[in-house]
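Let me begin by presenting the structure, written as structure tokens, before commenting on it.
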Amino acid sequence: MCGCLHREAFTGATLSPAEGKKKVPASEEAGYSTARCVAFAVARVFRPGDFTAMQSRGDRLMKSIVVVGAQWGDEGKGKVVDYLAGSFDYIARCAGGHNAGHTVIYDGNRFVLQLIPCGILRPGKHAVIGSGVVVDPVALAAELDTLAKSGIDVTGRLHLSNRAHLIFPYHRQMEKAAEAARGAWKIGTTSRGIGPAYEDKMARHGIRVGDLLNPARFREKLERVIAEKDAVCRATYGVPLDTAGMAEQYLELGERLRPLISDVSVLINHALDAGRSVLFEGAQGTMLDIDFGTYPYVTSSNAISGGVCTGLGVGPTRIDAVAGVTKAYTTRVGSGPFPTEMPDLEATEVRDRGKEYGAVTGRPRRCGWLDLVVLQYAIRINGISSLVVTKLDVFDTQKEIQVCIGYHYKGTPLREMPAAAEDLAEVTPEYATLPGWQSVTYGVQDAAKLPRLAVAYLKFISDFLGVEVGMISTGPDRDATIVCAATQLATWI
Ligand code: GDP
Ligand code: IMO
Ligand code: MG
């Protein structure tokens, strides 16, 4: 039993005495003048067990929830998915590739999963890699080896879509050449060949996981593609493609992966028909989405919740709800506009406290204040009904916290997120300044133990956005988590 934040609290609704609430004036809590009335709820926290809770919905029993990054990636999706996974049967990835790095820490173990959904770490759970994911079989095999070394048996629990597209070494080679050619305009990609693999998919000369299972067909397709790529590479970048031994290596890996490969759309839909629960693990984040992100400084897939439908073959009517994950501040890796980016000194402090270095590339992450314009946008684009706020503890020593509550462009307030990266690069953020709590939230598992001003910060966010804060993360460890009582999110576990 412990306390937690309550959705109604943010609209000033009265809570029952049984829930042990107390009401605090907003101005006193938040330290800013325009706050609406807020209340403080102390109620039960639900902890995920290994049971499968099913939610009744009309004439069927099911539970299918999307977890999506609400910012520029690295929001802590891995930690959140791992926590929630205890209450779901299937955990499925729908987009991206091994550009993702999802960190999970529990019982002294630390895993960074790139392609395999985090649910694999939970005994008995099924992990699914969808058709929207681009798969480098070498990277997948390496990840399987790492799991095996840690004693995690994936037999019968890991499923790989036969429709997922393959990443080849030439994708990486071409990406490196393209990034170098862009010079100052480079995107700052993860150099994993992700973009070129999706380019081939869209250009309709990609090669898919299912092709690995038919060596003759695979060789024939690969030969055709290599001839074309080699010509392009020589003409554009003046270098030949290095393809020696590639076909054999991929076919060997195909044999290793054969037991995992299937039509995962059938698998997931049958699972839902049978009343099983599914958690969809987003990769990257809304602002990196190919359509709705800060184009062209984005990744090459649909990182938003809609990617679940196209990347797993699951209809929108089968999805119950969407949780958006946000840090208590903002980070971004790679190039592109970042309106709330902190000046060097402040960014360095937050980077050090938050250990903000890429889980995949080790690159230092750019750090900035929380941007509520971005979150408002993410809520709309993804249909987010519950927010998860991670890394609250990183602000434990912060004296004052800035939160972006609007943009001005050429002196005029902007009503919506600009479509052009060039325009976003020119906005001036409007900030609200909130007092820091300057005490420890690190590792707190009980909302009642959160400092008053930390609660005020969360209430400010929820109040501004009109969406519940359903979960709070106070440290990288699985246990450093608060599920907020009487929220929508609490009913999922
Ligand atoms: P993802 O890509 O969204 O899964 O996020 P990453 O794993 O790339 O980056 C998040 C980083 O923050 C990882 O190092 C996590 O271990 C860490 N992390 C997650 N939640 C918290 C938290 O609440 N507090 C702190 N201090 N670290 C956290
Ligand atoms: P997770 O799932 C943060 C960024 C790269 C680069 C841009 C394009 O861990 O949140 P790409 O290699 O995808 O073509 O690079 O997207 N990027 C991420 N940033 N987290 C990620 O994944 C990312 N995946 C890609 O840094 O700016
Ligand atoms: Mg990451």
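The values are calculated or read from the model by the stated rules, or taken from the named source; none is laboratory data. Quantities reported herein were computed from a predicted structural model and do not represent experimental measurements. A quick note on method: Cβ atoms are made from the backbone with ideal geometry, for glycine too, and the neighbour counts reach across all protein chains shown. Areas reflect the complete protein model, heavy atoms only, side chains present, ligands, DNA and RNA absent. Shrake-Rupley method; radii C 1.70, N 1.55, O 1.52, S 1.80 Å.
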Which number in (1) part of a helix (DSSP H, G or I); (2) within 29 Å of the chain's Cα centre (by Cα); (3) of a type in the set (A, V, I, L, M) marks the one condition that ALA181 misses? (2)
Checked ALA359, ALA323 against criteria (open to solvent by 10 Å² or more (accessible area, probe 1.4 Å) and within 21 Å of the chain's Cα centre (by Cα)); the one match is ALA359
Looking only at segment 313-346, count how many residues are more than 16 Å from ligand 2 (Cβ to nearest atom), more than 22 Å from ILE472 (Cα to Cα) and among the hydrophobic types (A, V, I, L, M, F, W, C). 4
Checking LYS77 against (1) within 20 Å of ALA139 (Cα to Cα); (2) within 12 Å of ligand 3 (Cβ to nearest atom), the condition it does not meet: (1)
For segment 297-310, indicate whether the set of residues that are more than 30 Å from ALA425 (Cα to Cα) and away from ligand 2 (no atom under 16 Å from the Cβ) is non-empty. yes
Taking GLY336, is it within 15 Å of ligand 3 (Cβ to nearest atom), closer than 26 Å to LEU465 by Cβ and over 16 Å from the mean Cα position of the chain (by Cα)? no
Filtering segment 120-154 down to residues that are open to solvent by 50 Å² or more (accessible area, probe 1.4 Å) and either modelled with pLDDT under 95 or touching a Lys or Arg at 6+ places or on another chain (Cβ under 8 Å) (or both) yields GLY124
If I ask for residues that are away from ligand 3 (no atom under 16 Å from the Cβ) and either among the hydrophobic types (A, V, I, L, M, F, W, C) or closer than 14 Å to VAL133 by Cα (or both), which ones from segment 289-304 would you list? ILE290, PHE292, SER300, ASN302, ILE304
Which ones in segment 84-117 are among the hydroxyl-bearing types (Ser, Thr, Tyr) and more than 16 Å from the chain's Cα centre (by Cα)? SER87, TYR90, TYR106
For the condition open to solvent by 20 Å² or more (accessible area, probe 1.4 Å), more than 16 Å from ligand 3 (Cβ to nearest atom) and more than 30 Å from GLU143 (Cα to Cα), what is the one hit in GLY315, GLY383, GLY406, GLY368? GLY383
Tell me yes or no: at least one residue of segment 103-110 is buried (at least 20 other Cβ atoms within 10 Å of the Cβ) and either modelled with pLDDT under 95 or within 13 Å of ligand 1 (Cβ to nearest atom) (or both). yes
